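No lab work stands behind these numbers, since they all come straight from the coordinates. Model, not experiment: these values are computed from the prediction. Using ideal geometry, Cβ is built from the backbone for each residue, glycine included, and neighbour counts are taken over all protein chains shown.
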């Protein structure tokens, strides 16, 4: 039996009818057409589907859509500045330093790193590794990903 | 190196980076079309069974269900030439498709699967390959008469294998190993096991099919669009020209994405319903219904003299290929040709390989195709041989590794085929030599030893680097090699009137960066900007013929084709410019978007002007059948390979069995690095995947039922960021020896990186704990077992 | 499937009473989606208890009182468990490597899931109790009595957990936790939590040794505990305590053999015991 909920995604409210068992990932992708969030394992083990809810990383494949009501959800599509189109420093860094190969883990990595940098703008390599511990990269780009996050932190610091 | 080039050799941002960081990238599983239906598959719970009855009436009656397929209403065709039918009445592994459903929503399709009533007659199951080889073993395919591949073309899509013996063994021999062993001072003998490994593509495969009249568009997450096109055409009985396969992204396939069967079933359902149909595998299906790396059991014997000469090497290998041997000849011949026959110099060598069928999901290509499997066996045995004579394992490998002039052979030779596969040569093998561009092993070994401070850290056999309570540190080395496919491939480069350029190629972007590298090569060739070139990949209507990407052939085949096509465009542009400038074409040069006279640079026109004057400049090129690449000096055939040398430091806790990788350095022979950051990423991929192979990735199949017990990412353990060393402790070393035939000397090398990582962990662990592990994994359980702390 | 959001515990209980086995309670929902088909296929009603005001961490003269929907992160970052014996709860959750899971998971969810997790092991070691309510009655029972086996607890179909209570410990008490997993990010394969209270001359007065994930329900090593009473913890005693603690049948599954679990359990008990002892010695 469908439930009418309102999801606030990237600053916009969306009214959508959902089944109680649908995950947030499913609703974002299939009902709202926001396919930037990728599903790799669908059981919370890989972090690819990570979105931010009230600024904190959440496994959207585990999070029931009905439980996401009323929270501010940020997906990868919402990271850049919507007015100016300016990319987030993490997005710039991932482009400049090649922080991806197949691209599946990338949105999850970037959003998780964003939550880290918002809380800890000057992380050490160990802190970056710990923050990304739950994000799997099958293509093996961990080293470059860490470089990207540290570079983004450096840029923000330099520019601030 | 990079200063002589404008665009080549530079770490330019990837062409696909922006869309991958802003969420715009659309994989096949992201596609949504109006009125699209969703397909799901019913799968056999039994590894070996006959479907005696199947009733789909309840499923068909469920509102929202639009199509149900079973063996009763699908064509009796063999996808990819495999034994099984599109939908079979006989099940050969637990998870094989029994039926397919297309419905309005995924939920309805899943519900419909539960309403299909199937009765099975369960048949005896055979899982262990050595059991399957016995004469009274249950047969996976009764019509074949045996579970051991014997080279016939019956039913399969693999290369014919004229040299494969009728008794089920693929032979390869040099000299007389009995004589060699008799002359040895020491003999190492043992059984070594390499495990299965699952490709574990990050995005489970998917296919979308849509018809418009008699024309089919098939979006497929595949590595080889050519095979999808060929196979769907064959199964449906339509010409390839009516099928357009578009592979916008092959997401992290690592050798495994071949969705031909699914594509055909989805195409049939799309035709029957008159609506687009999409099938997306779940993670579980991705584990169960796709192919994985075969496990190998290797009976190894090496004879060495005190001075380090290898007098004989004997390899007897049994590979478990699951329910079809399509990949058996490919993988086994690669193991034989590269790791067994070419990697080392030896006086005598004998190889025998068997590809055995069992009731488990198919085994097939995964990064490295046969060389990680064989390398994990050989490199552990080689290490023991070095120890037997008390020689430093780095020195031992330096002394014996392949080099210019040493023996080499290709896997086609081993199978008994000419390079273009059109000629059968069952009776002779074209032994060639290692050419100059593969003469890199010694350099790789020396550089990695230097970077790892080997001389300082390795304290000798049976001496760990350090002991601290229960923790012991060890260091080890391993080398490896793999082929790189230089084979027929086509490309088209066309100009736009504004001086920008498009490239059309059948290569697929897996994540390896081919779109980027191809654009760099074309831009460099034409003397224009990287940002002026865009590449259209993997569209069977728009791109000329090519197989896709496999066998590291992107840089070795697809890119040279594009390079030569760009050269053709350059020739035509120069003709136009020469006429305009009143000079001869050979007086011209191209750079910075200008075509200018070499010794009078002011005399020039822009590339853009040449394009608009020419109206349309198109260059096309097909790489010829390699026939043989030959060494200039000796005229002997050289085979295309690349190699790697890796040194790792590990720490083992002998109380818990836990192994930590502290440092790893890897020297790769990569021809010419087109884009250093991309090269580095590919090296990192090899390191991570081969670490997972040895340390954690266990694909667990029930020995009685054949059911895959851990088809999810919680229990199939991939390496996490914490399993790998910190940034400064991972060192990638590029060894560049330009190839004679690759674009600007480049060559494909990515898979090579997967060949050394597993044995290096084993050899380093041995240095730490003093006990050899010859079994499948270097996990805590295996370490504790080796130490006698558990059984 | 119906979706219901009760505002009070009574409302929730009457829903449970009405729907019984067909109802599933969610707070964080970590466990529901991936296991929906195999474990919750019969569910017809989803009850979201997020509005029941069970998100609290209180301390009174008896001890901690933690509401069932308190997230693991909330508990982990709470002042009240940052020191003393309760700190073992912080250490337990600190070892769950993925912050996203700690944010989403709840204390009640962890407690009700009789499966591979860490918090119940430590809670049992601290003599925690669980408050179980039904429409007609409320009962408080020791947490170790809550578990029957794998995925099986004493909860009736019309009952729910509302609170977990952790009593204060006497002075000179310490607690320690240790776990083993495959690799670096995983479910626990083996965990152990130990609490000791020392008397005069640092002789052990009371002890609780709990092993989790080696078997279900969690195992309390009574024989091993008895070996500690009245003794100083020297190397020999510790060795015999460890041997006694792991003298059990450990499960063998695809994750690990019973033998490997036993091996790891030995190390885990030893480490947890030493941590507890060190803390107890240092306490007032």
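Here each label is just a point 7 Å from Cα along the line to Cβ, and for residue B:450 and residue C:234 those points are 5.8 nm apart.
Taking a point 7 Å out from the Cα of residue B:186 in the direction of its Cβ, the residues of region B:456-484 whose backbone N falls within less than 19 Å of it are B:458-465, B:475-479. How much FRET efficiency would the formula 1/(1 + (r/R0)^6) give for residue C:156 and residue B:726, where r is the Cβ-Cβ distance and R0 is 56 Å, rounded to 0.05? Once the sixth-power term is evaluated, E becomes 0.60.
From helices alone, chain B scores -7500 deg cm²/dmol at 222 nm; the rule is -39500 (n - 2.57) for each run of n ≥ 4 DSSP H residues, then divide by the residue total.
Averaging Cα coordinates gives a centre for region C:1-30 and one for region A:12-58; these two points are 24 Å apart. If R0 is taken as 30 Å, the Cβ-Cβ distance between residue B:430 and residue B:77 corresponds to a FRET efficiency of 0.25. Comparing A:124, A:37, A:50 in a Gaussian network model of chain A, where Cα atoms under 10 Å apart are tied by springs, the biggest mean-square fluctuation is seen for A:124. Averaging Cα coordinates gives a centre for region B:577-619 and one for region B:215-263; these two points are 41 Å apart. On full extension, the segment bounded by residue B:173 and residue B:50 gains 40.1 nm, given 0.36 nm per residue less the C-alpha separation.
Model label sites at residue A:122 and residue A:54, defined 7 Å from Cα along the beta-carbon direction, differ in position by 3.0 nm. If R0 is 35 Å, the Cβ-Cβ spacing of residue C:82 and residue A:14 corresponds to a FRET efficiency of close to 0.30. Between region B:365-409 and region B:659-715, how far is it from one alpha carbon centroid to the other, in angstrom? That distance is 19 Å.
In chain B, the DSSP beta bridges split such that about 80 percent are antiparallel, to the nearest 5.
What distance in nm lies between label points placed 7 Å from Cα along the C-beta direction at residue B:740 and residue B:618? Reported label-point gap for residue B:740 and residue B:618 is 3.4 nm.
Packing here is the average count of other Cβ atoms within 10 Å per residue, and on that basis the peptides C:226-233, B:644-651, highest first, run B:644-651, C:226-233. Here the extension length gained between residue B:57 and residue B:704 equals 229.6 nm, from 0.36 nm per residue of separation less the Cα-Cα distance. The C-alpha atoms of chain C define a longest principal axis, and helix C:258-282 lies at about 70 degrees to it.
Sorting the segments B:111-123, B:247-259 by their mean number of nearby beta carbons within 10 angstrom, highest to lowest, gives B:247-259, B:111-123. If a spin label sat at a point 7 angstrom from the Cα of residue C:201 along the line to its beta carbon, no backbone N atom of region C:254-284 would be nearer than 12 Å. Per residue of chain C, the DSSP helices (runs of n ≥ 4 H) give a summed -39500 (n - 2.57) that works out to -9000 deg cm²/dmol at 222 nm.
DSSP beta bridges fully contained in region B:260-407 are about 55 percent antiparallel.
Cut-off 20 Å, label point 7 angstrom out along Cα-to-Cβ of residue B:598: give me the residues of region B:606-624 whose amide nitrogen falls inside. Flagged as within label range: B:606-607.
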